[in-house]
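Please read the structure below before turning to the comments.
The values are calculated or read from the model by the stated rules, or taken from the named source; none is laboratory data. Here the structure is a predicted model, which means the values were calculated and not measured. Heads up, the Cβs are rebuilt from the backbone with ideal geometry, glycines too, and the neighbour counts pull from every protein chain shown. Keep in mind that these areas ignore ligands, DNA and RNA; they rest on the heavy atoms of the full protein, side chains included. Shrake-Rupley method; radii C 1.70, N 1.55, O 1.52, S 1.80 Å.
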Amino acid sequence: MIELTNTNSSEIAAEFVRARIKAGSPAMGMVMTLIIVVDEGGAHDAMEAARKASREHPARVLGVIPRDARGEATINAQVGIGESWSGETALIRLKGEVVKHAESVVLPLLLPDSPVAIWWPENPPLDPAADPLGSLAQRRITDAAAVTRGKSKALHTLCAHYAKGNTDLAWTRITPWRALLAAALDQQPLKVRRASVTAERISPSADLLQAWLNDRLHVDVDRQTSRGPGITEVVMDTKDGPIRISRLDGKLATFSSPGRPDRPVALKRRELPDLLAEELRRLDEDDIYRDTTARLMKLNGTAAGKKA
Amino acid sequence: MTGPVNPLRDPEDRRLPRIAGPCGMVLFGVTGDLSRKKIMPAIYDLANRGLLPPGFSLVGFARRDWADQDFAQIVHDSVRDHSRTEFREEVWRQLAEGFRFVPGDFNDDHAFDQLRRTIEELDEVRGTSGNHAFYLAIPPSFFGAVAGQLKEHGLAEPRPGHWRRVVVEKPFGHDLASARALNDILGEVFESGSIFRIDHYLGKETVQNILAMRFANNLFEPIWNGNYVDHVQITMAEDVGIGGRAGYYDGVGAARDVIQNHLMQLLALVAMEEPVSFDAESLRTEKLKVLSSVVLPGSLDQTTARGQYTAGWAGGEKVVGFCEEEGISKTSKTETYAAVTLNVETRRWAGVPFYLRTGKRLGRRVTEVAVVFKRAPHLPFNATATEELTANTLVIRVQPDEGMTIRFGAKVPGTAMEIRDVNMDFAYGGSFTESSPEAYERLILDVLLGDPPLFPRHEEVELSWKILDPVLARWAASGAPEPYGPGTWGPKSANEMLARDGRAWRRP
């Protein structure tokens, strides 16, 4: 790691080239640039997750830490390559006026012609696609479950501002559930009459799962509350009986379906690097997520209407 | 495929993995290296990635006095030692409930009766629904006995709407006649769509990438023909000797062990025309077309080479020669190095020789395909400027260090015009491979899904033998293989073989 104090984009870019030549491997086979916007406190964990995800997706990872926006503009950076990274990394700390112009720092550091993804590990902007940094990226990853302010509304806000390329880790988290539910209907093509999702009271993932089931199956999907962790049960009711996946410990689920013996199935809550790696696998629009967010907005609309 | 549409599936939903339907696997040859080092860890890794169905069951069959728990212990140890992904208790619990063991001999009717009952019991308590794959990780000489027993005890016949599949590993015979005989044995019991032949090379990401590279890009295909390509070298080298495989290797040799299957498949993928689509049928059509257009050159003595490693030093270690290996006859004529020249008689490849070589105890472990291009027809430089420029080459590195290299000339910095070869490299990521699944994971999953594109069909196997048989016959009739020192790149005759055509082997 090279420390650059009071620096600028071109010095950081020059340091990337220097470091690569020094490592003796000028071609790194990097496939994308990943921007991470994070507070000082979350920076370490976020960079660590990106490091692990970069095994699958070699990337130039630019960690941007915006600090106090008052005062004179200063940019400090730590630049490094290799050492268990399969890409390059720069952790850039912004202070003063430049905080409001972070995109001017990042833009010259994007890899030529390769896709750009951005990830807000904690609090995303209200409208990620309209954010100056967010607009540089074609994939904007948020995490409604990790938001520290206004948790219960976070997902709703993100869905309301859905734009092509937006996606949320709460959605990524339910891929194994969705895979298992889809496989259940592959095995027994039964017509689902109604369904229910049981989870912790605040669970963006459960909300998305509910919306997805509602959108795909066109049936009522109840949302019930349990003590968690995360999602604890999904039931799809058919005329032959319920298809039920229940997971009480966050690890091992029981899969039951009509006329078949109950079977255990591993359904572990996945760690951040796994989620991020899945998210970076495809950088085009996630059409199913788009439909699900639209459905979620509709469901929320009717729920609000009923209350009023 | 037609049938009821699953509302939860959408072709646009590319996050959802394909999970195999309810099924189980019966493993013959539980104690072998293949089972312990490859198959069992792959099954665990698949479960860990959430790709096995709930209720997946694994039945071991062997001549051991074991209970289910003993078998589970063997699997546990092999998973601990060899699996690619981390060990997780809940995944293990999902799997372990489905372990069964049936002790018995291959000609023991009682044991196969018990196997049938075990499978029926699993259908009952684990919901495997009558879908079972029989993995024959045993020497081919036992295929007949096992297949016969499976048929006799009604194990090979699926109920309507369910499946029974059989999985076999190479060698698929030792010549055309024996390959046909073997196929007849299996074909009598299983229909051809239910026989899965594993060539683990085809499960490798880099091998599948050959198709992606050729047919997803516009850059390579225009020059992928005899107008621009001078020749192609396909190499699979190992730095080790035969190790513990003496019993199998003696009398078989390098050509049968490697060229007939792996290298012929690589050749087919490199040389074939563009398939209409990527389904199994279209791929097979193209592979069959190109394999049936392969011919051997006229004089086999001039265009093939074989060798046998001697004692000496390799990689800083003192090693014994092939004939001194344990279990090998002192007078063995089995080749440990084989090289052949093949011509592909199509418009695309007319006049472009394909050189295939493989060997044990060579310089290092490497598998690669090198497409060597013709030199530029005119070089507007003086002779000294291009002295160090050789032919442009595109190398597909299959293993280790997966990736691609392009070699071309560039100007050496300085006042004089001097041109030298440089490499441009695409590595499959610094550690891309860490997350990329083992070949066996992919292949076993494909067996359970019933997805055949990556498995060679018997027609391909037979065509490969048809190509190789005359070479083997010629070698059998002409004395012993030429000795070569360990840790070198093979016998002199192999170099002479290329020198006759005015070419040389790459040092891979």
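Remarks
- Top-ranked residue in region B:29-45 [being open to solvent by 40 Å² or more (accessible area, probe 1.4 Å) and in a helix (DSSP H, G or I); ranked as farthest from the other protein chains (Cβ to nearest Cβ)]: B:Asp33
- Odd one out for B:Val79, checked against (1) closer than 30 Å to A:Asp186 by Cα; (2) of a type outside the set (Lys, Arg); (3) in a loop (DSSP other than H, G, I, E, B); (4) open to solvent by less than 30 Å² (accessible area, probe 1.4 Å): (3)
- Those strands (runs of 3 or more DSSP E) of region A:60-134 in which 1 or more residues are under 22 Å from A:Arg149 (Cα atoms) occupy A:116-119.
- Residue within region B:408-420 that is outside any loop (DSSP other than H, G, I, E, B), within 25 Å of B:Gly359 (Cβ to Cβ) and in contact (Cβ under 8 Å) with a residue 12 or more places away in the chain present: no
- Looking across region B:233-260, the residues that are polar (S, T, N, Q) and either surrounded by fewer than 24 Cβ atoms within 10 Å (Cβ to Cβ) or in contact with a helix residue (DSSP H, G or I) (Cβ under 7 Å, 6 or more places away or on another chain) (or both) come down to B:Gln233, B:Gln260.
- Taking first residues from region A:213-231 that are within 14 Å of another protein chain (Cβ to nearest Cβ) and partners that are among the acidic types (Asp, Glu) and open to solvent by 40 Å² or more (accessible area, probe 1.4 Å), the Cβ contacts under 6 Å between residues at least 6 apart in sequence or on separate chains come to A:Asp215/A:Asp291.
- Of all residues in region A:56-81 being free of Cβ contacts under 8 Å to residues at least 60 places away in the same chain and of a type in the set (D, E, K, R), the one that is least open to solvent (accessible area, probe 1.4 Å): A:Arg60
- The set of residues from region B:13-28 being surrounded by fewer than 21 Cβ atoms within 10 Å (Cβ to Cβ) and touching a helix residue (DSSP H, G or I) at 6+ places or on another chain (Cβ under 7 Å) comprises B:Asp13, B:Arg15, B:Leu16, B:Pro17, B:Arg18, B:Gly21.
- Selection status of A:Ala206, facing chain B (nearest Cβ under 9 Å) and either free of Cβ contacts under 8 Å to residues at least 12 places away in the same chain or among the hydrophobic types (A, V, I, L, M, F, W, C) (or both): no
- Of the residues making up region A:249-302, just one is surrounded by fewer than 16 Cβ atoms within 10 Å (Cβ to Cβ), out of contact with any Lys or Arg (no Cβ under 7 Å at 6 or more places or on another chain) and within 7 Å of chain B (Cβ to nearest Cβ), namely A:Asp287.
- A single entry from B:Ala350, B:Ala370, B:Ala391, B:Ala376 fulfils the requirement of being in contact with a Phe, Trp or Tyr (Cβ under 7 Å, 6 or more places away or on another chain), open to solvent by less than 70 Å² (accessible area, probe 1.4 Å) and within 26 Å of B:Phe220 (Cβ to Cβ): B:Ala391.
- A:Val197 buried (at least 24 other Cβ atoms within 10 Å of the Cβ), in contact (Cβ under 8 Å) with a residue 40 or more places away in the chain and either more than 8 Å from chain B (Cβ to nearest Cβ) or under 21 Å from B:Glu89 (Cα atoms) (or both): no
- Region B:206-254, subset among the hydroxyl-bearing types (Ser, Thr, Tyr) and within 20 Å of the chain's Cα centre (by Cα), residue nearest to B:Val352 (Cα to Cα): B:Thr235
- The combined condition, being under 21 Å from B:Gly130 (Cβ atoms), at pLDDT below 90, within 14 Å of another protein chain (Cβ to nearest Cβ) and open to solvent by less than 10 Å² (accessible area, probe 1.4 Å), is fulfilled by B:Pro54.
- Test: A:Ser152 is in a helix (DSSP H, G or I) and at pLDDT below 90: yes
- Residue among B:Phe172, B:Phe215 that alone is outside any helix (DSSP H, G or I) and closer than 20 Å to B:Met264 by Cα: B:Phe172
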